[in-house]
Amino acid sequence: MMELDCLSYGAGHADEGVCLLVRMGPHRILLDCGIADVAPLSAGLDRPMPADFVLCTHAHSDHARGLLALHQSFRQLPIYASEVTTQLLPLNWPQLSQQPESRFCQALPWQSSVELRRGLSVQLFPSGHLPGAAVVLLTYAAPQRTYTLVYTGDFFLSNSRLVEGLPLGELRGLKPDVLILEGSYGTARHPHRRQLENQLAERIHRAIADGYSVLLPTPSLGLGQELLMLLRSHHYFTGRDLDIWVDGTVADGCDAYLELLPQFPTAVQNFAQHQPLFWDERVKPRVRRLSPEQRSCLGETPCIVITDQTADLDLYVASRTNPWVLLASQKPGYPVRAWLGSVQESGFSSIETYLLAEHCDGPGTTQLIHNLRPQHVILLHGSPAYLADLANLDELRNRYQLHTPATGTLVELPIGETFLQPAIPETNYEGELSELGTEVAISLPNSITDDSRWINFADTGLVEARWQGEELVLRGLSQRELLFQGSDRTRTVNIECCGNCQHYRGQRCWNQSSALFGFKVTPDGYCPVFEAIPESEFFPDEETDGE
C-alpha cells in the first residue's frame with residue numbers, strides 16, 4: 001500500500017503557526033512554515049533535508065515566518081510560492097527585506113501543472129484572502145493509480161477590496177483523496193463582508209464625529225491595506241477633512257502592494273489610474289506615512305492611525321491630546337486580550353473589537369468541501385473548539401473521513417479502505433430547566449466555562465434568547481450592544497430603514513419574512529418587507545389625542 005500521511009509541526013492553533021509535512025509515496029513535501037522555531041524539522045533527521053521541497057501558500061507570518069531560518073539551515077532545499085507571494089515574503093523579516101538574503105523563494109505560475117519530482121506535479125490556484133495566496137494541488141502518479149491532495153492554506157470565497165475570491169468553479173468536482181483546509185471561523189455564520197465593512201465604517205465615523213481619534217492595529221499585510229481602501233472609498237469618509245496615518249510594516253506593505261499593481265484585480269488598477277492607491281495628501285481624506293517626529297502630535301484633531309498589531313500601542317496615545325478609541329480585529333475563538341495584554345486600558349477611552357471577514361464562515365467552508373468531494377478532510381488553523389464544531393456536523397461526518405490533528409500528530413490517510421471515524425470531543429452540555437412562576441431558569445454544568453468562548457459569551461452576564469425552529473438559541477450580549485441599544489431608535493421617523501422597522505432589535509433583524517432574519521444589520525439598511533414602528537413607540541412620552 002502506498003504511503004500517504006500528514007505530520008503536523010504546527011496546526012495553527014492560537015499563534016503557533018501552520019507547518020505540515022506530507023508524504024506521498026517516496027516524496028516528502030513541506031506545506032508552509034509558520035512556526036517560529038524550525039528545530040523540530042531537523043530533529044532525528046535521517047536524510048540531508050527535512051523535505052524534498054517546500055510550498056508556501058501565502059505571505060502571512062503564521063504561514064511563512066520560519067522560512068528564512070529553514071533556508072539558512074538547508075540552503076539546497078527548494079522553496080516555491082506564487083509570484084506575488086515571493087515578492088511579499090521579505091516583509092516577514094524587515095531587517096533583511098532589501099537584501100538578497102531574503103529572496104530565496106522561487107515563483108510558480110498560476111493554474112499550470114509543474115512536475116517538481118518524477119511523477120509528482122503541483123498546480124496553484126488563487127485562494128482569495130491575500131494577494132498571491134494559493135490553493136495547492138499535488139498530484140502523484142503511482143504505478144497502481146494517481147493520488148491527489150489539495151491544501152487550501154487560508155481561503156476566502158468572497159471578493160474583498162484588493163483580492164478576488166477563490167474561483168470555486170475551477171476546483172468543483174475535483175474529488176481529491178485528501179483535502180487539508182482551515183476552519184478559522186468554525187460553524188459560525190457571518191453577514192456578507194460588505195455589510196461588515198459598513199458596520200465598521202459607521203463605528204469609525206461615529207467616533208470621529210464625537211471627537212475621538214481611532215487606532216487600528218493590524219498585521220503587516222492584508223487587513224491594513226484593506227482598511228485603507230475602505231476608508232478612502234466609503235461615503236462616510238470621501239472628501240472628509242481627515243488624516244489617516246499609516247505606520248511601521250503596514251506602511252512597508254503598502255509600498256510592496258504598489259510595486260505589484262499589475263497583479264491586482266482590474267477594478268483596483270482602474271482606481272489607481274485616477275488617484276493614488278494609498279499615499280495621497282491631495283485628495284481627502286489624506287493618507288500619510290507616520291514619522292517618529294509626528295507621533296507626539298497625534299490626536300490634536302481627530303485622526304485615524306493604522307499600525308502593526310505587534311507595536312507598542314501605548315506610544316500612540318502617550319500625549320493624550322484627545323480621547324482615543326482602540327478598534328482591534330477579532331480572532332474568532334480567542335480573546336482579544338491574547339495579543340493586547342500589554343496595552344494600558346487607561347490610555348484609551350474605549351477598547352472594542354470588530355470583525356472584517358478574511359476567511360470563510362461555516363457555510364462557506366462546508367460549501368468548498370461539498371464541491372470538492374474528497375475522501376479525507378483534515379481541519380486545522382483555528383480554535384480547537386471551532387474545529388471540533390465543524391467535525392461534529394452530521395453533513396460532514398456522514399460523508400467524509402474527518403481529522404482534527406494537534407501539533408505533533410501523524411495522520412495516516414488510507415485510501416479506499418474501511419475507515420472508523422476517530423472520536424471527536426463532545427461539545428454538547430446537558431442541563432436542567434425550571435419554571436419559577438415569573439421566570440425560567442436554565443442550569444448548565446460548570447464545565448461549560450472551560451471553553452475559551454465562555455469569556456465572550458458571559459461578558460455582561462446578560463443573554464438574548466430566540467426560537468430557531470423547535471430549538472431555543474441563547475446568545476450573550478456584549479457591552480457594546482448594551483451601550484448602543486438605547487440609540488436604536490434615534491433616527492428620522494419617515495425614512496424606511498432597518499432602524500425604523502418594528503422588527504429591528506439588538507442590531508439584528510427579527511422579521512421571519514425577511515432574507516436578513518437573524519443577521520446583524522446596520523440601522524440604515526433596507527429590505528422589501530419593511531414594517532414601520534408605530535409613532536406611539538417613537539414618542540412614548542407624548543400624549544395622544546383621545547376620542
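The values are calculated or read from the model by the stated rules, or taken from the named source; none is laboratory data. Note that the structure is a prediction, hence the values are computed from the model and not measured. Note that each Cβ is placed from the backbone with ideal geometry, even for glycine, and that neighbours are counted across all protein chains shown. For accessibility, only protein heavy atoms count, side chains too; no ligands or nucleic acids. Shrake-Rupley method; radii C 1.70, N 1.55, O 1.52, S 1.80 Å.
Give the peptides 272-278, 245-251 in descending order of average Cβ contacts within 10 Å, highest first. Working shown, then result.
On the way: 272-278: 13.6, 245-251: 23.0.
Ranked from most to least packed, the peptides come out as 245-251, 272-278.
Please list the non-local residues whose amide H lies under 5 Å from the amide H of G186, H modeled 1.01 Å from N, same-chain partners needing a gap of 5 or more.
Excluding prolines and chain starts, which carry no amide H, there are no hits.
I'd like to check one number: the per residue accessible area of the chain, probe 1.4 Å, reported in Å² as a whole number.
With all protein chains present, the chain gives 47 Å² per residue.
Near the amide H of T353, under 5 Å away, which other amide H atoms are found, from residues 5 or more places off or on another chain, if H is placed in the peptide plane?
A328
What's the Cα-based Rg to Rh of the stretch 53-129, Rh via Kirkwood?
Working: Rg = 12.5 Å, Rh = 13.0 Å.
Dividing the radius of gyration by the Kirkwood radius yields 0.96.
Taking every pair of alpha-carbon atoms in the stretch 1-91, give the share separated by more than 22 Å as a whole percent.
Numbers: 886 of 4095 pairs.
Every Cα pair in the stretch 1-91 considered, those over 22 Å come to 22 percent.
Expressed as a whole number of Å, what is the distance separating the alpha-carbon centroids of the stretch 217-246 and the stretch 274-331?
10
Along each of its three principal axes, how wide is the spread of alpha-carbon positions in the stretch 244-296, in whole angstrom units, largest first?
That gives 39, 23, 10 Å along the principal axes, largest extent first.
Using only the alpha-carbon atoms, how far is helix 248-259 inclined from the longest principal axis of the chain? Give it as 0 to 90 degrees, nearest 10.
Computed tilt is about 70 degrees.
Ratio of Rg to Rh for the stretch 260-334, alpha carbon only, Kirkwood? Walk me through the intermediate numbers first.
On the way: Rg = 16.0 Å, Rh = 15.2 Å.
Over the Cα atoms of the stretch 260-334, Rg/Rh equals 1.05.
With a 1.4 Å probe and all protein chains left in place, how much of the accessible area of the stretch 214-285 comes from carbon and sulfur atoms, in whole percent? Please list the in-between numbers first.
Values: 1330 of 2740 Å².
The C+S portion of the solvent-accessible surface of the stretch 214-285 is 48 percent.
Arrange the peptides 507-516, 30-39 so that the one whose residues have, on average, the most other Cβ atoms within 10 Å appears first. Can you show the working numbers first?
On the way: 507-516: 16.0, 30-39: 20.9.
Descending packing order for the listed peptides: 30-39, 507-516.
Tabulate in residue order the Karplus-calculated ³J(HN,Hα) for the stretch 6-16, using 6.51 cos²θ - 1.76 cosθ + 1.60 with θ = phi - 60°, rounded to whole Hz; enter x for Gly and Pro.
Couplings: 9, 10, 8, 8, x, 9, x, 7, 6, 10, 7 Hz.
How about the stretch 35-127: which GluC sites (Glu not before Pro) there lie in a loop by DSSP and see at most 12 other Cβ atoms within 10 Å?
Details: sites: E83, E101, E115; in loops: none.
For GluC sites (Glu not before Pro) across the stretch 35-127 that sit outside H, G, I, E and B with at most 12 neighbouring Cβ atoms in 10 Å, the list is empty.
For every helix of n ≥ 4 consecutive DSSP H residues, a contribution of -39,500 (n - 2.57) applies; sum these over the chain, divide by its total residues, and give [θ] at 222 nm rounded to the nearest 500 deg cm²/dmol.
Estimated from H runs of four or more residues: -5500 deg cm²/dmol.
Please list 12-24, 430-442, 361-373 highest first by mean number of surrounding beta-carbon atoms within 10 Å per residue.
Going from most to least packed, we get 12-24, 361-373, 430-442.
For the chain, rounded, prolate or oblate, judged on the Cα gyration tensor with a ≥ b ≥ c (square roots of eigenvalues), a/c < 1.5 rounded, else prolate if a/b > b/c?
Details: a/c = 1.94, a/b = 1.32, b/c = 1.47.
Judged from the Cα gyration tensor, the chain comes out oblate (a/c at least 1.5, b/c at or above a/b).
Taking every pair of distinct Cα atoms and averaging 1/r, then inverting, what Kirkwood hydrodynamic radius in Å comes out for the stretch 206-273? Before the final figure, lay out the partial values.
On the way: mean 1/r = 0.0746 Å⁻¹.
Radius from the Kirkwood sum: 13.4 Å.
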